[in-house]
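See structure below.
Nothing in this text is a laboratory measurement; each read-out follows from the coordinates by a stated rule. These numbers come from a predicted model, not from an experiment. Every residue, glycine as well, gets a Cβ built from its backbone with ideal geometry; the counts of neighbours run over all protein chains shown.
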Ligand code: G1P
C-alpha cells in the first residue's frame, strides 16, 4: 500500500433548518445553540482542529450567516477586551478561531439530503481524502474521535467510518454497518444500510457522524439518486464505492459518549455532561442537580 495522503480538510454540513428546536432556531442557526458556553459547532471544530484539520468547509444555507461571523474576528469586541485588559478572555477567544484562509463556506441551496450537502463541497475539497463531521453528533471521550480515525487511516488508508453500538430498538434511526470483527477497534466493513426497517439491521453498530472519505465518493454522489426518505443519502454512495475492492471501508469503534444534539434530550444531556467535567462548574452543578432531582 502506498502511504495514505494526509487528511487536511473537513466538511461540516450545517444547512439543516433545525425545526425540532423551534422557536429557538427561528433566527439562530441550530449549530449556534450553546453547549455550556460555546456554540455546538465550536465543539466540533475544536475536535477537528485537535485532529490536525487545517481547512473547514461549511456547507450552509439561508439564515446561517451567524456561523460565518462566529469564525471571524470581531474587531469591536476584541478591541474592548484589550482596552479593558481582559487578556485571558481575549486569548481564550482567539485560541479557538481558525486562521485566515482556513474556512470556506458554500450553500447547499436546496434541502436534498446529506449526500447532496457533501457533494456541494466537491470543488473545495478537490482530489484528496477528507474528513466529514456531522455537527449534531457530539463525541465526548478521553480520545477525540476524529483524531483516532486519522491515526487509524495512516494504517488502513481508504475510507473510515466511526461506529458505536446502539440499543436494537434504535437501529432504524441510523446508518448501520456490519463488520468482520465486531469486538475489534478497527475492522473491515462488510455491509452498510441506511435506516434499516426494524428487525433487519446487520448489527447494532451505528454510523456516528464521523467519516474519512476518498474523493471518488463525489463521482457517485454526482449521480444524485434519492434513497431512504426520498433524500440523496451519503450511505448509498458509500455502499456503491465499497463494491470496488480498491476502496475499502473500515469501521473505527468510538468508546466515548455520543450526544445526538439533533434531539432535545441529547442536547440537554450534552450540556449537563460537558458542564459536569468542568472544574469551574462541575462541583456546583452536581450539588444543584442532586437537590433538583
Ligand atoms: C445521518 C446519516 C446516518 C447516521 C446519522 C448520524 O442521518 O445518514 O447514517 O447514522 O446521520 O447522526 P440523519 O441524522 O441525517 O438522518
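Remarks
Okay, residues lined up against (1) touching a residue at least 24 places away in the same chain (Cβ under 8 Å); (2) surrounded by fewer than 15 Cβ atoms within 10 Å (Cβ to Cβ); (3) outside any strand (DSSP E or B); (4) in contact with a helix residue (DSSP H, G or I) (Cβ under 6 Å, 6 or more places away or on another chain):
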{"residue": "237", "(1), (2), (3), (4)": "yes, no, yes, yes"}
{"residue": "241", "(1), (2), (3), (4)": "yes, no, yes, yes"}
{"residue": "262", "(1), (2), (3), (4)": "yes, no, yes, no"}
{"residue": "268", "(1), (2), (3), (4)": "no, yes, yes, no"}
{"residue": "271", "(1), (2), (3), (4)": "yes, no, yes, no"}
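- Looking across the stretch 234-249, the residues that are within 15 Å of the ligand (Cβ to nearest atom) and under 14 Å from residue 177 (Cβ atoms) come down to 234, 235, 236, 238, 239, 241, 242, 249.
- Sole residue being away from the ligand (no atom under 16 Å from the Cβ), surrounded by 13 or more Cβ atoms within 10 Å (Cβ to Cβ) and within 30 Å of residue 158 (Cα to Cα), chosen from 42, 74: 42
- Contact map, the stretch 109-135: first residue closer than 13 Å to residue 16 by Cβ, second residue within 11 Å of the ligand (Cβ to nearest atom) and in a helix (DSSP H, G or I), Cβ cut-off under 6 Å, separation 6 or more or different chains; pairs are 114/234.
- The stretch 208-225, subset in contact with a helix residue (DSSP H, G or I) (Cβ under 7 Å, 6 or more places away or on another chain) and in a strand (DSSP E or B), residue nearest to the ligand (Cβ to nearest atom): 210
So that you can scan it fast, the table gives a plain yes or no per residue for (1) in contact (Cβ under 8 Å) with a residue 12 or more places away in the chain; (2) assigned to a helix (DSSP H, G or I):
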residue: 31; (1), (2): yes, yes
residue: 48; (1), (2): yes, yes
residue: 52; (1), (2): yes, no
residue: 58; (1), (2): yes, no
residue: 69; (1), (2): no, yes
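- Among the residues making up the stretch 155-201, those that are assigned to a loop (DSSP other than H, G, I, E, B), free of Cβ contacts under 8 Å to residues at least 40 places away in the same chain and within 13 Å of the ligand (Cβ to nearest atom) are 174, 195, 196, 201.
- For the stretch 250-260, the count of residues that are more than 16 Å from the ligand (Cβ to nearest atom), part of a helix (DSSP H, G or I), touching a residue at least 24 places away in the same chain (Cβ under 8 Å) and within 22 Å of the chain's Cα centre (by Cα) is zero.
A quick yes/no check of all residues on (1) surrounded by fewer than 22 Cβ atoms within 10 Å (Cβ to Cβ); (2) in contact with a helix residue (DSSP H, G or I) (Cβ under 8 Å, 6 or more places away or on another chain):
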| site | (1), (2) |
| --- | --- |
| 151 | yes, no |
| 162 | no, yes |
| 168 | yes, no |
| 175 | no, yes |
| 184 | yes, no |
| 194 | yes, yes |
| 197 | yes, yes |
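- Conditions (1) closer than 24 Å to residue 44 by Cα; (2) within 11 Å of the ligand (Cβ to nearest atom); (3) in contact with a strand residue (DSSP E or B) (Cβ under 6 Å, 6 or more places away or on another chain); number of the one not met by residue 228: (1)
- Matching residues, the stretch 202-224, being loosely packed, with under 15 Cβ neighbours inside 10 Å and either within 22 Å of residue 152 (Cα to Cα) or touching a residue at least 24 places away in the same chain (Cβ under 8 Å) (or both): 215, 222, 224
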